[in-house]
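Engineer: Handing you this structure, nothing more for now.
The values are calculated or read from the model by the stated rules, or taken from the named source; none is laboratory data. These figures come from a predicted structure and were not determined experimentally. Note: ideal-geometry Cβ built from the backbone for every residue, glycine included; neighbour counts use all protein chains shown.
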Amino acid sequence: MGTEFAVLVLLIFVGGAIYYYYFSKQEPSMIVGYRTKQSRSTTAKWRASQKWFYQGAITCAAVVVVVNLVTPFSIGVNLVVLLVYLFVISYFIERRLREMGD
C-alpha cells in the first residue's frame, strides 16, 4: 500500500507541475504551487520558487517510488519522508528567496 501512496504523491507533483507550466499564467496563485508570503511577493520570486519546488518534489517523490519498489515502506513511513522533505525544501527555498532580495 505504501508504494501506491508514493506513486500517488509523485502523480500529484507531476500534475501540479504540468498545470503550472502549461495551463497557468505563471503568476502568483492562491490555488496551485509553492505558496508563501515571500514566494508570492514578486513574479520573479514566484517563478523561481515554483521551479525549485517542482524540481525537488518530483525528484524526491521519484526516489521514494524507486525505493518502495525495492523495499516497500508503509504509508506512515512514506508520509514522514514527504513531511521531512517539505520542511527541508521549504527552508532552502525561503533562504534562496531572501537572497534574491526585492
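Engineer: Right, Y20: modelled with pLDDT under 90 and over 30 Å from S74 (Cβ atoms) or not? If you could, list the steps in order and put the result at the bottom.
Structural biologist: Numbers: modelled with pLDDT under 90: yes; over 30 Å from S74 (Cβ atoms): yes.
Considered against the rule, which asks whether it is modelled with pLDDT under 90 and over 30 Å from S74 (Cβ atoms), Y20 comes out as yes.
Engineer: Right, K51: among the basic types (K, R), within 30 Å of G101 (Cβ to Cβ) and assigned to a helix (DSSP H, G or I) or not? I'd like the intermediate steps shown before the answer.
Structural biologist: Working: among the basic types (K, R): yes; within 30 Å of G101 (Cβ to Cβ): yes; assigned to a helix (DSSP H, G or I): yes.
Answer is yes for this residue.
Engineer: Could you check how many residues of segment 71-102 are part of a helix (DSSP H, G or I), of a type in the set (A, V, I, L, M, F, W, C) and touching a residue at least 24 places away in the same chain (Cβ under 8 Å)?
Structural biologist: Total satisfying the criteria: 9.
Engineer: While we're looking at this one, here's another question. Does S74 fit the bill of being more than 16 Å from the chain's Cα centre (by Cα), within 30 Å of G2 (Cα to Cα) and among the small types (G, A, S)?
Structural biologist: Taking the combined requirement at face value, the residue satisfies it.
Engineer: Another question about this same structure. Pick out the one residue from T3, T59 that is farther than 24 Å from M100 by Cβ, assigned to a helix (DSSP H, G or I) and hydroxyl-bearing (S, T, Y).
Structural biologist: On the way: T59 fails: farther than 24 Å from M100 by Cβ.
One residue alone meets the criteria, T3.
Engineer: Test R40 against the stated conditions and say whether it is over 26 Å from V77 (Cα atoms), not in a helix (DSSP H, G or I) and not hydroxyl-bearing (S, T, Y).
Structural biologist: Details: over 26 Å from V77 (Cα atoms): yes; not in a helix (DSSP H, G or I): yes; not hydroxyl-bearing (S, T, Y): yes.
So R40 fits the description; yes.
Engineer: How do the pairs read when you match residues in segment 44-55 that are without any contact (Cβ under 8 Å) to a residue 40 or more places away in the chain with residues anywhere that are surrounded by 16 or more Cβ atoms within 10 Å (Cβ to Cβ) and of a type outside the set (K, R), using Cβ under 7 Å and keeping only pairs 6 or more apart or on different chains?
Structural biologist: Here the result reads W46/P28; W46/S39; Q50/Y20; Q50/G33; Q50/Y34, each pair linking segment 44-55 to a residue that is surrounded by 16 or more Cβ atoms within 10 Å (Cβ to Cβ) and of a type outside the set (K, R).
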